[in-house]
Amino acid sequence: MSRRPRQVVVLAGGLATRLGERAAAVPKYLLPVADRPFAHWQLERIAASRFASVLLCIGHLGEAIRTALGDGRRWGLRLTYVADGPEPLGTGGALRAALPRLEPTFVVTYGDSYLPFDYRGPLEDLNAHPEAQGTMAVYPNAGRFDRSNTQVIGDRVAAYDKTSQGDERPELDCIDYGATALRRSAIEQLPPGPSELSTLQADLAAAGQLRAFAVAERFYEIGSETGLAELDALLRTSPSDLGIGDRTP
C-alpha cells in the first residue's frame with residue numbers, strides 16, 4: 001500500500017443515552033476527558049498512525065462537532081463530514097449515506113472508542129488479502145471489559161453476534177475492538193436507510209469474508225461513566241504514544 005494510508009471513518013452520531021444529562025447539551029464526541037475534548041485524543045491517535053483524512057459521520061448535535069473541529073489541519077488531517085439528516089440512520093445507515101465519499105478501502109471506528117494501537121494494522125491486512133471484504137481488529141476479551149461477541153478461528157472471524165447474552169455462546173471469547181477495515185464494495189451491499197454495521201459484520205463473518213487482526217492492548221470507551229473514568233485516569237498518567245510502535249511509514 002502507499003506510504004501514507006488514506007481514510008478513517010468515525011461514527012460520531014450517537015445519542016449517548018447511557019450518559020444522561022452529561023451528554024444532553026454536548027455531543028459525546030466532545031465530552032471532556034483529561035481536560036480536553038475526547039475528539040482531540042482520538043484524532044491525535046489517528047494522526048499518529050499516519051492517516052491522511054478522517055470522515056466524520058455526525059448526527060445528534062453534529063453541527064457542534066463540525067464547529068469545534070473544523071477542517072482538521074491542527075492534527076495534520078483533512079476532516080470532512082456527512083450528516084444523518086432528520087432521522088438517525090444507525091451505524092450501517094450512516095456508512096451507506098457516506099458511500100460517495102468512501103475510499104476503496106478504509107477503517108471505520110466509533111466516536112466513543114479510544115484504541116491504543118496502530119490503526120494501520122487492519123487496513124494493511126485487508127489490502128494484503130483481496131479475497132476478503134473486511135478485517136476486524138479483535139481482542140481476547142473473555143468477558144472482562146464488556147460482553148464478548150466474536151469467535152476467531154485462525155485468521156478469520158468465524159462468528160460475530162452482538163445480541164448474545166451471558167454464557168449462551170461460550171465460543172464467543174473475543175470482542176470487536178472497535179476498528180474494522182472494510183471495502184467500499186461491502187457498504188454498497190447495504191440498502192439506503194437505517195441499518196447497523198454489526199449486521200453487516202455478522203454477514204461477512206458468516207460468509208467467510210471477515211478476517212481477524214489480533215490486538216494485545218485492551219480498548220477504552222467513553223459510552224459509560226465507568227468508561228469515562230477509566231480513560232481519564234489512563235490519559236492523565238500516560239497520555240502519549242500508547243500503542244504506536246516504531247514502524248516505518
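The values are calculated or read from the model by the stated rules, or taken from the named source; none is laboratory data. Given the structure is predicted, the values throughout are model-derived calculations rather than measurements. Heads up, the Cβs are rebuilt from the backbone with ideal geometry, glycines too, and the neighbour counts pull from every protein chain shown.
One table, with the values for the structure above:
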item	result
The listed residue being closer than 25 Å to Q7 by Cβ and at pLDDT below 95, out of G178, G227, G245, G134	G245
Failed criterion for R96 (all others in (1) more than 23 Å from G223 (Cα to Cα); (2) surrounded by 18 or more Cβ atoms within 10 Å (Cβ to Cβ); (3) in contact with a strand residue (DSSP E or B) (Cβ under 9 Å, 6 or more places away or on another chain) hold)	(3)
Any hit, segment 153-165, residues being crowded, with 16+ Cβ neighbours inside 10 Å, out of contact with any Ser or Thr (no Cβ under 9 Å at 6 or more places or on another chain) and part of a strand (DSSP E or B)	yes
Enumeration of residues in segment 135-152 that are among the aliphatic types (A, V, I, L, M) and buried (at least 16 other Cβ atoms within 10 Å of the Cβ)	M136, A137, V138, V152
Only listed residue being out of contact with any helix residue (DSSP H, G or I) (no Cβ under 8 Å at 6 or more places or on another chain) and charged (D, E, K, R), chosen from R183, R120	R120
